[in-house]
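Beneath this line is the structure, given in structure tokens, with notes to follow.
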Amino acid sequence: MIACCKNRDVAQALVPAASALMPTLGFDTVAQPRESVETSLDTAGTGPEGTPCATLPLGRAAALLLVAAELCAAQEGVDKVAERVLKEFEVPGIAVAVVKDGKVVLSKGYGVRKLGGAAPVTPQSLFRIASNSKAFTTAALAILVDEGKLSWDDRVVDRLPSFQMYDPYVTREMTVRDLLTHRSGLGLGAGDLMFWPSTDLTADEIISRIRFLKPATSFRSRYAYDNVLYLVPGQLIPAVTGKPWDDFMRERIFVPLGMSRTNVDTHSIETDADVATPHGRADGKVVPMEQSEHVLSPAGSVISCASDLAKWVTVQLNRGALPGGGRLFSEAQSKEMWSPQTILPRDSLPASNFYAYGLGWMLRDYRGRKMVYHTGTLAGYVSRVTMVPDLGLGIVVLTNQEETGAHAAVTWTILDQYLGAPETDWVAEFRKPAVETAPPAAARNANSRPSLPQGAYAGRYRDAWYGDVTIEEHGGKLTISFTHTKKLTGDLEHWQYDTFVARWHDRTLAADAYVTFSLGPEGRIEKVKMKAVSPLTDFSFDFQDLDLRPVSR
């Protein structure tokens, strides 16, 4: 447990209040089968949402009270860190769920759904969970593996003949497992600009353009996180089952788990009554953001809430067993998904010795315990799902502001309490400002001038995998627009020589980029390269992978 009850005599004296206490604390009760009750108390309470709770024998009532006492301290600890996170990270709202030994011991909202509003975040408030969707996708594939309809090591082209990578060898050898383990040879976030920010390209169009993404490393040689290959199961599952991916997810995962609030319909988040509004920083100030449509599908389109994700974590910790009997997937597939597939370099986290990626899950150890987790970030939402299987512990943290330290501080605080670790102020640790190294003043020659007249830079430029980017001159200024991404529209400001800076009109993007024109011997523009101005820019803005060439006029 998170804390110890120091006075067991007092606990025994308060036994009559045990059953009634748990619901008032906001915790699920430890219900017992009615037929097993021999000696009952008169004070039996009710479980969550008014469900009846069995009366308990004296010993069980005492145990229940001890659990309640421990969890009361637990909630107090979570309350404190959550309230600090809301304030210090300027996060409007947080939802937290904790599962322990098959029971949901905490499911609670903190803060508000929208900055300036009064509607509170609840355990049922919907959030986009972004890349936490990947584990749902691998679970869907695991179901098909159990049914003998698919193998993790099936070659993708044997199932999808139209699938193609840049390298013919990789196309031929890419397996289902390779799609999921970030070792394809693509660079970090390669191709993300095709759907981030929201795009007019369809998932099928994006998958067809993967063939134009040049590799950064050799096949299966190095880890580099990607999203684009996780779109492929969106075609693979229909090819195997005849059902669209979203229907399969609903019928085979959401419904069996009773995840009634969870869906992959991007329109639902615009119409539901209990939705956490996304937020981001615009020039340093936290502001609400518009909901965006995304074609992330299997890579990141699941919309859920803390109460539903507690059910998901419970089944994961049960190795695929459903609470009411039956299985979502076999224990063998659970083991496969939680086994290291791609080894990662160790990071700076203390008390950790290994770091790897499984099938839709990150894997590492912490203070001698294996940890299974994933994070997700998407346009104003950041989330984390964490499990410590040996402890039967699962933690869900959902936030509606783009601050990764917020979910991390809550998660690590809860982990340390359950592990009995020395107290660490994780809020302070994650509040330590990231150091951004600004280029020295001499790096820019402010007196330099462009090689060409301003209007000569205007035109249409094309990249093989993204498509077209247009530069136009309006009122003596240059503007830049990505034709498939309406949010990527901004002004071009001269930086030095033939390099400009794209200042996006939507300041919540936090992704201004250098735009450098290369001229040929004749003085005509031959190509355009881009690069994020700040090293802190989200890696999904993979401007550096673009190879823009002028389109003949």
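Overview of results
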| read-out | value |
| --- | --- |
| When residues of segment 259-287 are limited to those that are in contact (Cβ under 8 Å) with a residue 24 or more places away in the chain and among the small types (Gly, Ala, Ser), the one farthest from Gly117 (Cα to Cα) | Ser260 |
| Count of residues meeting criterion [in a helix (DSSP H, G or I) and aliphatic (A, V, I, L, M)] in segment 207-240 | 9 |
| Those residues of segment 248-302 which are β-branched (Val, Ile, Thr) and either modelled with pLDDT of 90 or more or part of a helix (DSSP H, G or I) (or both), in sequence order | Ile253, Val255, Thr262, Val264, Ile269, Thr271, Val275, Thr277, Val286, Val287, Val302 |
| From the options Val81, Val104, residue that is outside the structural domain of Val313 (by TED's automatic domain parsing) and touching a residue at least 60 places away in the same chain (Cβ under 8 Å) | Val81 |
| Residue check for Ala510: under 36 Å from the mean Cα position of the chain (by Cα) and at positive phi | yes |
| Unmet requirement for Leu141, which otherwise passes all of (1) out of contact with any Pro (no Cβ under 7 Å at 6 or more places or on another chain); (2) assigned to a helix (DSSP H, G or I); (3) closer than 18 Å to Trp361 by Cβ | (1) |
| Unique match (being in contact with a Lys or Arg (Cβ under 7 Å, 6 or more places away or on another chain), among the β-branched types (Val, Ile, Thr) and buried (at least 20 other Cβ atoms within 10 Å of the Cβ)) among Thr262, Thr277, Thr199 | Thr277 |
| Any hit, segment 162-178, residues being within 25 Å of Phe254 (Cβ to Cβ) and touching a strand residue (DSSP E or B) at 6+ places or on another chain (Cβ under 9 Å) | yes |
| Flag if Gly405 is in the same structural domain as Ala282 (by TED's automatic domain parsing) and either touching a Cys at 6+ places or on another chain (Cβ under 9 Å) or farther than 21 Å from Asp153 by Cα (or both) | yes |
| Residues located in segment 236-247, provided they are at pLDDT below 95 and surrounded by 20 or more Cβ atoms within 10 Å (Cβ to Cβ) | Trp245 |
| Residue in segment 440-450 that is touching a strand residue (DSSP E or B) at 6+ places or on another chain (Cβ under 6 Å), within 30 Å of Thr470 (Cα to Cα), hydroxyl-bearing (Ser, Thr, Tyr) and at pLDDT 90 or above present | yes |
| One residue from Ser162, Ser184 being part of a loop (DSSP other than H, G, I, E, B), touching a helix residue (DSSP H, G or I) at 6+ places or on another chain (Cβ under 8 Å), small (Gly, Ala, Ser) and farther than 30 Å from Asp512 by Cβ | Ser162 |
| In segment 192-219, residue farthest from the chain's Cα centre (by Cα) [restricted to those that are modelled with pLDDT under 95 and small (Gly, Ala, Ser)] | Ala203 |
| Within segment 101-138, considering residues that are basic (Lys, Arg) and part of a strand (DSSP E or B), the one surrounded by the most Cβ atoms within 10 Å (Cβ to Cβ) | Arg128 |
| Meets criteria (over 25 Å from Trp245 (Cβ atoms), assigned by TED's automatic domain parsing to the domain that holds Val264 and either modelled with pLDDT of 90 or more or of a type in the set (A, V, I, L, M, F, W, C) (or both)) for Leu309 | no |
| Failed item in (1) closer than 30 Å to Tyr225 by Cβ; (2) assigned to a loop (DSSP other than H, G, I, E, B), with Pro521 passing the rest | (1) |
| Test set (1) assigned to a loop (DSSP other than H, G, I, E, B); (2) under 25 Å from Pro288 (Cβ atoms); (3) more than 14 Å from the chain's Cα centre (by Cα) - Thr424 fails condition number | (2) |
| Among (1) within 26 Å of the chain's Cα centre (by Cα); (2) under 13 Å from Leu229 (Cβ atoms); (3) not basic (Lys, Arg) - the single one Gln164 does not satisfy | (1) |
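The values are calculated or read from the model by the stated rules, or taken from the named source; none is laboratory data. Please read all numbers here as calculations on a predicted model, not as lab measurements. Virtual Cβ from ideal backbone geometry, glycine too; neighbours counted across all protein chains shown.
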